[in-house]
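Here the structure is laid out as structure tokens; the discussion comes afterwards.
The values are calculated or read from the model by the stated rules, or taken from the named source; none is laboratory data. Treat the numbers as computed from the prediction; the structure is a model and nothing was measured. Every residue, glycine as well, gets a Cβ built from its backbone with ideal geometry; the counts of neighbours run over all protein chains shown.
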Amino acid sequence: MPITIRPISTKADRKAFIDFPFGLYRDDPNWVPPLKGEALGLITPEKNGWYSHAKAQLFLAEEGGRIVGRISAHIDTLALTMPAAQGFGPGTGFWGLMEAERPDVFQALIAAAEGWLRDEGMTRVLGPVSQSIWEESGLLIEGFDHPPTIMMGHARPDYRGWIEAAGYGPVKQLLTYDLDITQEFPRIVKRIIKSGEANPRIRVREVNKKKFEEEAAIILAILNDAWESNWGFVPLTPPEVKDVGVKLKPIVFNDLIRIAELDGRPVAFMITLPDLNEAIKPLNGSLLPFGWAKLLLWLRAPRVRTVRVPLMGVVKELQNSRMASQLAFMMIEYIRKASVENYGATRGEIGWILDDNQGMRSIAETIESRVNKVYQVYGRDLTG
């Protein structure tokens, strides 16, 4: 039967878009079903602050009246203004949220996404980015043997070959590192931490959730300074910051987020989150009839195997200095202890980290963590 690719806009179509992966990954033990309500909010412009500076077109692939694939084509107007040397820039569009049953379906979906981007004046495409760079970025190409942690993606292993067969080449790799947090760090790291603790200029403190907005503003200021030159950096806008606050506040715990101060000035931060995926995986995407009660009970006193460090940063003036590494090791150690003692965690995951971020990779390797997942961002010229 012929494959039909059609753009979608209705509420029913968006629901079908969200539902499709549940059948596709039904037998994959390492796929984590997202909460459908939250997933639907991400693709609904009225519910996602990212759309304040972006636009997207979602497509469904159908065959004989049955849905066999999906994709999003999207443009981030802030990404268009970034320097091309940082990975995006003028003429750069994206695709993401791609799922397909077969390679021919995939090729048809990619063609539709590329066609929409060309019609919008784009000359280059990157993917998968689903949809904001701050959400799930890159295709999983290594690490299929265990589930992803919160806000990280999963994929079918054959997608890599399908994407490369469509003429896409590697652009950037995003790495996550696995760490046994029940073990103490090497002696050299302990010495660096002890030296920092003896320095009266340094203070590493917990955040205060009761001052959530104030603490978030401090972290955002450090983040924007620390990351502004990184590949793929797009600043978070006020509507997005508000969305992130609503989404993450229930899993923010004072002892898992630290701010480092130098001479009383905040200069570094580290955010750690208990792996919410462990709690939502058994719910199969729904909070009904009793999933909401189970999740609420978990949120009151989470006990997890894994905690994830999605973000950390040091102000630019201290980057590549001994002080930067010292502050990082101190924050990592304090959060490691809290994760084990207060949440029962045995494993930490750091990332993603850009493959060319030698400073962060060196810190991760010094504490004897190892790469456990690799995500690949691909690109292709649209003018040929």
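Checked against the criterion of being of a type outside the set (Ser, Thr, Tyr) and within 30 Å of VAL125 (Cβ to Cβ), the candidates VAL314, VAL377, VAL340, VAL304 yield just one match: VAL377. Here LEU354 meets each of (1) within 20 Å of MET151 (Cβ to Cβ); (2) buried (at least 22 other Cβ atoms within 10 Å of the Cβ) with one exception, condition (2).
Could you grab me the full set of residues in region 276-294 that are polar (S, T, N, Q) and surrounded by 17 or more Cβ atoms within 10 Å (Cβ to Cβ)? ASN277, the sole residue that qualifies. Inspection of region 203-218 identifies no residue that is free of Cβ contacts under 8 Å to residues at least 24 places away in the same chain, outside the structural domain of LEU126 (by TED's automatic domain parsing), of a type outside the set (Phe, Trp, Tyr) and buried (at least 16 other Cβ atoms within 10 Å of the Cβ).
Pairs are defined by a Cβ separation below 8 Å, a sequence spacing of at least 6 or placement on different chains, a first member in region 140-155 that is under 18 Å from SER130 (Cα atoms) and among the β-branched types (Val, Ile, Thr), and a second member that is assigned to a loop (DSSP other than H, G, I, E, B) and modelled with pLDDT of 95 or more; the pairs so defined are THR149/ASP275; ILE150/ASP275; ILE150/LEU276. Between LEU78, LEU97, LEU58, the distinction of being assigned to a helix (DSSP H, G or I) and touching a residue at least 12 places away in the same chain (Cβ under 8 Å) belongs to LEU78 only.
Inspect all residues belonging to region 102-121 and state whether any of them is hydrophobic (A, V, I, L, M, F, W, C), surrounded by 22 or more Cβ atoms within 10 Å (Cβ to Cβ) and assigned to a loop (DSSP other than H, G, I, E, B). Within region 102-121, not a single residue is hydrophobic (A, V, I, L, M, F, W, C), surrounded by 22 or more Cβ atoms within 10 Å (Cβ to Cβ) and assigned to a loop (DSSP other than H, G, I, E, B). Within region 18-54, how many residues turn out to be out of contact with any helix residue (DSSP H, G or I) (no Cβ under 7 Å at 6 or more places or on another chain), among the charged types (D, E, K, R) and closer than 16 Å to PRO239 by Cα? Final tally of qualifying residues: 1. Hey, can you tell me all the residues within region 135-173 that are buried (at least 18 other Cβ atoms within 10 Å of the Cβ) and among the aromatic types (Phe, Trp, Tyr)? Within region 135-173, TYR159, TRP162, TYR168 qualify.
Would you point out which residue out of GLN57, GLN86 is outside the structural domain of ASP243 (by TED's automatic domain parsing) and modelled with pLDDT under 95?
After applying the criteria, what remains is GLN86.
Quick one: in region 160-208, which of the residues that are in contact with a Lys or Arg (Cβ under 8 Å, 6 or more places away or on another chain) and among the acidic types (Asp, Glu) is modelled with the lowest pLDDT? Of everything passing the filter in region 160-208, GLU184 is modelled with the lowest pLDDT. If you check LEU297 against the conditions, is it surrounded by fewer than 19 Cβ atoms within 10 Å (Cβ to Cβ) and either in a helix (DSSP H, G or I) or not assigned by TED's automatic domain parsing to the domain that holds LEU42 (or both)? Taking the combined requirement at face value, the residue satisfies it.
Which condition number does ARG102 fail, the rest of (1) more than 19 Å from ASP381 (Cβ to Cβ); (2) touching a residue at least 40 places away in the same chain (Cβ under 8 Å) being met? With respect to (1) more than 19 Å from ASP381 (Cβ to Cβ); (2) touching a residue at least 40 places away in the same chain (Cβ under 8 Å), ARG102 is out only on (2). Scanning region 191-236 for residues that are charged (D, E, K, R) and either touching a helix residue (DSSP H, G or I) at 6+ places or on another chain (Cβ under 8 Å) or under 19 Å from VAL309 (Cβ atoms) (or both) returns GLU197, ARG205, GLU206, LYS209, GLU213, GLU215, ASP225, GLU228. When region 187-235 is filtered for residues that are hydrophobic (A, V, I, L, M, F, W, C) and outside any helix (DSSP H, G or I), the ones remaining, listed by number, are ALA198, ILE202, VAL204, VAL207, TRP231, PHE233, VAL234.
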